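Reviewing the structure listed below.
The values are calculated or read from the model by the stated rules, or taken from the named source; none is laboratory data. It should be emphasised that the depicted structure is a prediction, and the values quoted were computed from it without experimental measurement. Quick reminder, even Gly has a Cβ in these numbers, built from the backbone with ideal geometry, and neighbours come from all protein chains shown. What goes into the accessible areas is simple: the full protein's heavy atoms, side chains included, and nothing from ligands, DNA or RNA. Shrake-Rupley method; radii C 1.70, N 1.55, O 1.52, S 1.80 Å.
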There are 2 protein chains.
Amino acid sequence: MSVSLHDIAKAANVSPSTVSRALNDHPRIGTQTKAHIKSLAKEMGYIPSAVAQSLITNKTWTIGMVITTVADPVVADFVDGVDEVAQTAGYSLFLSNSRNDPQREVAVVETFQSRRVDAIIVVASRIGSTYSSKLDQLKVPIVLIENQKHGDFYHSIFIENTIGAKAAVDHLIELGHRRIGFIGAVDRPKSNDERLLGYKMALQQANIPVEPELISLPDSNDDFERGQRGLAEMVAAQATAVFCYNDRTAIGLIKGCEQQGILIPQHLSVVGFDDIQIASYLRPALTTVRQPRVQMGRLAMQMILGLLDGQAVQNQTLSCELVVRQTTARK
Amino acid sequence: MSVSLHDIAKAANVSPSTVSRALNDHPRIGTQTKAHIKSLAKEMGYIPSAVAQSLITNKTWTIGMVITTVADPVVADFVDGVDEVAQTAGYSLFLSNSRNDPQREVAVVETFQSRRVDAIIVVASRIGSTYSSKLDQLKVPIVLIENQKHGDFYHSIFIENTIGAKAAVDHLIELGHRRIGFIGAVDRPKSNDERLLGYKMALQQANIPVEPELISLPDSNDDFERGQRGLAEMVAAQATAVFCYNDRTAIGLIKGCEQQGILIPQHLSVVGFDDIQIASYLRPALTTVRQPRVQMGRLAMQMILGLLDGQAVQNQTLSCELVVRQTTARK
DNA sequence: CTCAGTTGTGCAAACGTTTGCGCAATTGTG
DNA sequence: CACAATTGCGCAAACGTTTGCACAACTGAG
């Protein structure tokens, strides 16, 4: 099939080991031999087999990344960040969707183990402690981005959900709103809880009672749909402002408003979370909380590199930032 | 490190080959031996090494996908489609960004070759004929999605750019527009040319002269930015409608209009291309040409499966569909 | 001239599987 | 009961590398 070390060895009349050493610039190989072998390898179109190398060196230079779906722009940016530093460090990236299905998630992780990836990155995992049994055996480093099970498992990188959410709601309160709603995400339990906590903290600090009917957790796995569905509860509860779990939920909410003739921000103020690229292009432009997504991806991969280097790495929690645009107004 | 066939063999007092056959349900292994070995393997946490298997079977069950960036929602949907059928067919996906840099693209492809992927999928390749020399040696199937070099290389899947573009411009003409602009993309030469051709065909068919000043090709690699930059030329040329290379360009254009007080669609009609998810959530909602992106991804992977199965597969060109929303109006 | 050090290369084992072949033990057939 | 067929398992080679060790041929110092 493809040309191997042996083929080159035969052509150069040397042993395979000499070819190997020559191509790896081993000092003990004669300069002319080296040159000869290298040119021969090039002209024969030799491409070393990473799989054979992996087998013997016990290192694959691959990392496995399991995500919910790459169609989510937040996840896409994570991937971009990871890929960037992985590529420059010489690692290839296995990508696999779990579609937010825990069963699929473990299946994917097992595939990765079989492939002997050097490390694993999981985005928005719902597995949590189940990993302990699965992964403690194989000693591959694993880092979780926005893990969705409560508790600190393995190495993780988080965002300051609570602080960000509080800032968002603080902003609404400053604008004079008192009946502020929250539309959450059932499929991201932990960050949802944290953002909800920030929401509650802001209200309590302003001595505004937390009313259950202002908190909506529509039972859907689609961000947009949750926004649209949550609207009914919001109007029923007479909210004048809504903080949404994320931008896409806010966008769904806004679409619902449009259909019902509710004006944003005149009738209803809306703030999202994430600051996805499109947020500033919406009209009205979306007020939201910015997450350094690509940076989170880079950081995750850098943590991996540190771990592979035997360093002790710290879990990281990155901060986010309120971006005020046009979907929020005085009450 | 991790438990191998030999470890199980020792524990079961049989030979490694027996273990291998037992786990692979070879008929010539005794039922009790088989059961014993299987339970032993499970309790010892055995996970077969895909790399050792690959080495001997000469099949890695991996496919390499090189994309421009996953942050582009169009590309993301391709990836989702590919991943879906790859996963169910038992293949893992290597993903690598080229950032639309041809040099990076060949580097990535070489990495894939070294990893002995079973097939390669390239999105929006700018390499084209260069592949011949690179890939003819290694007999791995390759399929290109929206190849950006002219000429038919390898197996490809395309979209009916020209027909879609013509439909878009036809729509504008029907609405009474005569001065219709086009804002293109320099970094996607082929599909840009095709969409431009559709634009010209529509005009010619309506006996409207094609005027160079109505065609803008802003020199930028950012979709949004090209839209914003193209606006100046459009107003200078007194366009009453603009067909944009893609939705993100249209969104950039619309943002520029907003800043200059140009009303959409009253002052300017805009139509995009792609129908990315957000298009229907914009206000006004974007008139555009829908591409079956996920389907294209699936199809690409299905072509791969066919090729790996030794079948002769046909290049596919999928059709697209005009979706009229709110950014277009009578002149 | 001798001997230690250096330089250049080859042998062979190893990585963890799969698989063709061989062989003993069991089963079935006449 | 004899012999063929079947059943159950092991041996060893192979996949394409890397690498410790051995070894021969030089080089240079004393």
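When the P(r) of the stretch A:161-291 is calculated, the portion above 27 Å amounts to 6% of the C-alpha pairs. Here the mean projected area of the convex hull built on the C-alpha positions of the protein assembly as shown is 34.0 nm².
Computing Rg and the Kirkwood Rh from the Cα coordinates of the stretch B:1-73 gives a ratio, Rg/Rh, of 1.20.
Semi-axis lengths, largest first, of the ellipsoid equivalent to the stretch B:238-331 are 36, 11, 10 Å, with √(5λ) applied to each eigenvalue of the Cα gyration tensor. Over the stretch A:42-180, the fraction of Cα-Cα pairs per 5 Å bin, rounded to whole percents and listed from the shortest bin up, is 2, 8, 16, 18, 16, 12, 9, 6, 5, 3, 2, 1, 1, 0, 0. Remark: relative contact order (the stretch B:107-259) = 20 percent; criterion is Cα-Cα distance under 8 angstrom and separation of 6 or more residues. Beyond 25 Å in Cα-Cα separation lie the following of the pairs A:LYS200/A:LYS331; A:LYS10/A:LYS34; A:LYS331/B:LYS255: A:LYS331/B:LYS255.
Mean-square fluctuation check for chain B, GNM, Cα pairs under 10 Å: which of B:VAL123, B:VAL14, B:VAL294 is largest? Taking springs between Cα atoms under 10 Å, the residue moving most is B:VAL14. Partner shielding of B:43-56 amounts to 5, given as the average count of beta-carbon atoms from other chains within 10 Å of each residue beta-carbon.
May I ask you to work out the translational diffusion coefficient for chain A at 10 °C, viscosity 1.306 mPa s, via Stokes-Einstein with Rh from the Kirkwood sum over Cα pairs, reported in whole µm²/s?
My calculation gives 71 µm²/s for D.
The charge dipole of the stretch A:161-291, taken about its Cα centre with unit charges on the Cβ atoms of Lys, Arg (+1), Asp and Glu (-1) only, comes to about 200 debye. When B and A come together, around 5100 square angstrom of accessible surface is lost from both chains combined, probe 1.4 Å.
The calculated 222 nm mean residue ellipticity attributable to helices in the protein assembly as shown amounts to -14000 deg cm²/dmol, summing -39500 (n - 2.57) over DSSP H runs of n ≥ 4 and dividing by all residues.
For the segment A:248-256, counting C-beta atoms of other chains within 10 Å of every residue's C-beta and taking the mean gives 2.
Using +1 on the beta carbon of Lys and Arg, -1 on that of Asp and Glu, and nothing else charged, what's the dipole of the protein assembly as shown about the Cα centre, debye to 20?
So the magnitude is around 1020 debye.
Across peptide B:69-77, the mean count of Cβ atoms from other chains lying within 10 Å of each residue's own Cβ comes to 5. Database remark: amide H of B:ARG179 closer than 5 angstrom to the amide H of B:THR240 (H placed geometrically; neighbours at sequence offset of 5 or more, or on other chains; Pro and chain starts carry no H).
Among B:ARG104, A:ARG229, the sequence by solvent-accessible area, most first, with a 1.4 Å probe is A:ARG229, B:ARG104. Rounded to the nearest 20 debye, the dipole magnitude of the stretch B:5-48 is 120 debye, with +1 charges on Lys and Arg beta carbons, -1 on Asp and Glu beta carbons, and the Cα centre as origin.
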